[in-house]
Amino acid sequence: MRPIVPRLAIAGLAALLAAACSVAPRVDYLAPPVRPGAIGSTTVTLPDVGGRAVPLTVVYPRTPGPHPAVIFSHGARCYPGGYSGLAQAWATGGYVVVLPDHPDSPANPPPAPDAFPRLTAARLAEVDAALAALPDVAARAGIAGGIDPRRVAVGGHSFGGLIAMAKAGLPLRGADGAV
């Protein structure tokens, strides 16, 4: 009797390859690519978000806009500069990338172990403030009118990914079950 597993594995691999090779329709919300090196970067500051000035790194294409934008929340104890390659790749792809420097970055004292709920609230407030201030952020970055307000996304890595999911509607609950 021949084993079934190899046949299933081959069938599964064939299905995966067929799916990977399928032609995707053109999606018009994607940004047109820009020439590598045709990007700029600057830092602007949101003056008062929860009593703290929040530096924002803005990486952008040096082509006429408006461009779609991504607010990117960094991982815990990381900093925006650690994502410069990703931000530059997105900007080369035609996106404006805004990276808040959250209070738990290495530029600040290490947070206390019980600080997670406060850090979560602070990060959410900073992302909200960056979203609300996008036209002003663009103007202060020297790209007035360079962000299309209809094409804005929030992304993140690790703790920043949690923040992005919360902005997309993931309910966050505390240890006691409270939202």
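Residue-wise test of (1) open to solvent by 10 Å² or more (accessible area, probe 1.4 Å); (2) part of a helix (DSSP H, G or I); (3) at pLDDT 95 or above; (4) of a type in the set (A, V, I, L, M).
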| site | (1), (2), (3), (4) |
| --- | --- |
| Pro47 | yes, no, no, no |
| Leu56 | no, no, yes, yes |
| Tyr60 | yes, no, yes, no |
| Pro64 | yes, no, no, no |
| Pro68 | no, no, yes, no |
| Ile71 | no, no, yes, yes |
| Cys78 | yes, no, no, no |
| Gly82 | yes, yes, no, no |
Quiz item: Among the residues of region 85-140, how many are among the small types (Gly, Ala, Ser), open to solvent by 10 Å² or more (accessible area, probe 1.4 Å) and out of contact with any Pro (no Cβ under 6 Å at 6 or more places or on another chain)?
Solution: 10
Exercise. With the checklist (1) modelled with pLDDT under 90; (2) in a strand (DSSP E or B) in hand, flag the one item Leu99 doesn't pass.
Key: (1)
Self-check item: Filter pass, Pro135 being touching a helix residue (DSSP H, G or I) at 6+ places or on another chain (Cβ under 9 Å) and farther than 28 Å from Ala76 by Cβ
Solution: no
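A quick yes/no check of all residues on (1) over 20 Å from Gly40 (Cα atoms); (2) in contact with a Leu (Cβ under 7 Å, 6 or more places away or on another chain):
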{"residue": "Pro68", "(1), (2)": "no, no"}
{"residue": "Tyr83", "(1), (2)": "no, yes"}
{"residue": "Ala91", "(1), (2)": "no, no"}
{"residue": "Gly94", "(1), (2)": "no, no"}
{"residue": "Ala122", "(1), (2)": "yes, no"}
{"residue": "Asp128", "(1), (2)": "yes, no"}
{"residue": "Asp136", "(1), (2)": "no, no"}
{"residue": "Ala164", "(1), (2)": "yes, no"}
{"residue": "Ala168", "(1), (2)": "yes, no"}
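The values are calculated or read from the model by the stated rules, or taken from the named source; none is laboratory data. Just so we're clear, the structure is a prediction, and the values are computed from it rather than from any experiment. Cβ atoms come from the backbone with ideal geometry, glycine included; neighbour counts cover every protein chain shown. Quick note on the areas: whole protein, heavy atoms, side chains included, nothing else; ligands and nucleic acids left out. Shrake-Rupley method; radii C 1.70, N 1.55, O 1.52, S 1.80 Å.
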